[in-house]
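S.K.: Structure below; questions to follow.
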Amino acid sequence: MAKHSRPERERRALENQRVREIEAAWLGSLPAATRTAYTEAVKSAQARGPLPRPPDMAPGTRPNPPRPGHEPRPNKEEERRPRRY
């Protein structure tokens, strides 16, 4: 865990307090129906929780295809043609 200086902690606490004041003022400016719909949407999103972890991929597979122009080179054995005599 990182240690933060006292002035930095105090600054963050003031920022958090100011954000809470701004959010309260914004919610107060909304009509009652919109406010309740917003708070219900926030509660349902928080109850849903984080997204589930994606399934483990097979060894050696990459999650993203290569960028255009950065495709892997084919093996030299595939490039060779049989010699003609």
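S.K.: Got a sec? Which of ALA25, ALA33, ALA37, ALA58 is surrounded by 10 or more Cβ atoms within 10 Å (Cβ to Cβ) and out of contact with any Lys or Arg (no Cβ under 9 Å at 6 or more places or on another chain)? Lay out the reasoning, then the answer.
M.R.: Details: ALA25 fails: surrounded by 10 or more Cβ atoms within 10 Å (Cβ to Cβ); ALA33 fails: surrounded by 10 or more Cβ atoms within 10 Å (Cβ to Cβ); ALA58 fails: surrounded by 10 or more Cβ atoms within 10 Å (Cβ to Cβ).
Within the list ALA25, ALA33, ALA37, ALA58, the selection yields ALA37.
S.K.: Given the criteria of a type outside the set (S, T, N, Q), at pLDDT 95 or above and touching a helix residue (DSSP H, G or I) at 6+ places or on another chain (Cβ under 9 Å), does ARG35 qualify? Please lay out each step first, then the result.
M.R.: Values: of a type outside the set (S, T, N, Q): yes; at pLDDT 95 or above: yes; touching a helix residue (DSSP H, G or I) at 6+ places or on another chain (Cβ under 9 Å): yes.
Judged against the criteria, ARG35 is a match.
S.K.: For the structure I just gave you, tell me whether ALA33 is of a type outside the set (D, E, K, R), on the phi < 0 side of the Ramachandran plot and either within 27 Å of the chain's Cα centre (by Cα) or not in a helix (DSSP H, G or I) (or both).
M.R.: Numbers: of a type outside the set (D, E, K, R): yes; on the phi < 0 side of the Ramachandran plot: yes; either within 27 Å of the chain's Cα centre (by Cα) or not in a helix (DSSP H, G or I) (or both): no.
Against the criterion (of a type outside the set (D, E, K, R), on the phi < 0 side of the Ramachandran plot and either within 27 Å of the chain's Cα centre (by Cα) or not in a helix (DSSP H, G or I) (or both)), ALA33 does not qualify.
S.K.: Looking only at the stretch 46-67, how many residues end up being part of a loop (DSSP other than H, G, I, E, B) and either in contact with a helix residue (DSSP H, G or I) (Cβ under 6 Å, 6 or more places away or on another chain) or at pLDDT 80 or above (or both)?
M.R.: In the first step, residues of the stretch 46-67 are kept if they are part of a loop (DSSP other than H, G, I, E, B); the result is 49-67.
Adding the requirement that they be either in contact with a helix residue (DSSP H, G or I) (Cβ under 6 Å, 6 or more places away or on another chain) or at pLDDT 80 or above (or both) leaves 49-53.
Looking only at that region, the number is 5.
The values are calculated or read from the model by the stated rules, or taken from the named source; none is laboratory data. Just so you know, these numbers come straight off a predicted model, no measurement behind them. Because the Cβ atoms are built from the backbone with ideal geometry, glycine has one as well, and the counts that use them run over all protein chains shown.
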